[in-house]
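The values are calculated or read from the model by the stated rules, or taken from the named source; none is laboratory data. Just so you know, these numbers come straight off a predicted model, no measurement behind them. Don't worry about glycine lacking a Cβ; one is built from the backbone with ideal geometry, like all the others, and counts go over all protein chains shown.
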Amino acid sequence: MTTMRPSARFSLGSAFVVLAASFVFSSLSSAADLSVVQRWMATNSGVNTVKINFTQTRTMRSLKIPIRQTGTLWMDYRYHRFRWQTGDPAQTIVVRRGSKMTIVRTPLKKYEVRPYGSGGGAPGISSLAGGFPRTMSEFQQKYRVTKISKNGGVYYIATQPLGSAGRGVSSFTFVVGADDYRLRGMEIALKDGSSVDTIFHSVRSNVSMPNSLFSPSLEGYRKTTFGS
């Protein structure tokens, strides 16, 4: 019969204590992280429509100077409608109505219609087209939290979009105010090495949204299939 030396018993016991402590600490950290998300979700209660004016900065390996554009985002949760456009006048328009998503490139005079949820379109857009989550259950169905940190007056909620919405996305970070827990912007890191940072300038809730907003005129445009 082999007798375990006291030092060995101590080492194994110490390792168990360290692992147990790490598990408890990890669980506590996760709970604290989720509380930040829960407070953010609470600010979305009663919101049926949202209009956001923003500035978007895209950094690409092939370009020395980042591309910066202004844009507007509309979300209508009541009828599952979404519109995202950048540029003034609009250079790119992405519209979702129910189960269909339309991508319009105005300089090219071309458009494409894809099933919503197919993973098509610019990486990150599919996640946005579903609207910002308004409850914890909805958030957890769409995103997996990888890290939450605080810097100055904001929290950074780093996530990985789940399903087809995560196509081409390395991380999708929500920037939330530490004082009011309202969404201030987003940072999207893509697998091709590029990134898209969006800063919100104004956010208006429960504004009127006409049907025409989600039915852009395609007269003179040619239907095509854009590269995914």
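Which members of segment 169-181 meet the condition of being surrounded by 15 or more Cβ atoms within 10 Å (Cβ to Cβ) and either basic (Lys, Arg) or touching a residue at least 40 places away in the same chain (Cβ under 8 Å) (or both)? Selection gives 169, 172, 174, 176, 181. Number of residues in segment 108-137 that are out of contact with any strand residue (DSSP E or B) (no Cβ under 9 Å at 6 or more places or on another chain) and without any contact (Cβ under 8 Å) to a residue 24 or more places away in the chain equals 1.
Would you mind stating whether residue 130 is modelled with pLDDT of 95 or more and small (Gly, Ala, Ser)?
Numbers: modelled with pLDDT of 95 or more: no; small (Gly, Ala, Ser): yes.
It is false that residue 130 is modelled with pLDDT of 95 or more and small (Gly, Ala, Ser).
So which residues in segment 146-163 are within 12 Å of residue 127 (Cβ to Cβ) and surrounded by 14 or more Cβ atoms within 10 Å (Cβ to Cβ)? Hits for segment 146-163 are 159, 160, 161. Applying the criterion of being outside any helix (DSSP H, G or I) and polar (S, T, N, Q) to the residues of segment 139-174, the residue that is nearest to residue 192 (Cα to Cα) is 170.
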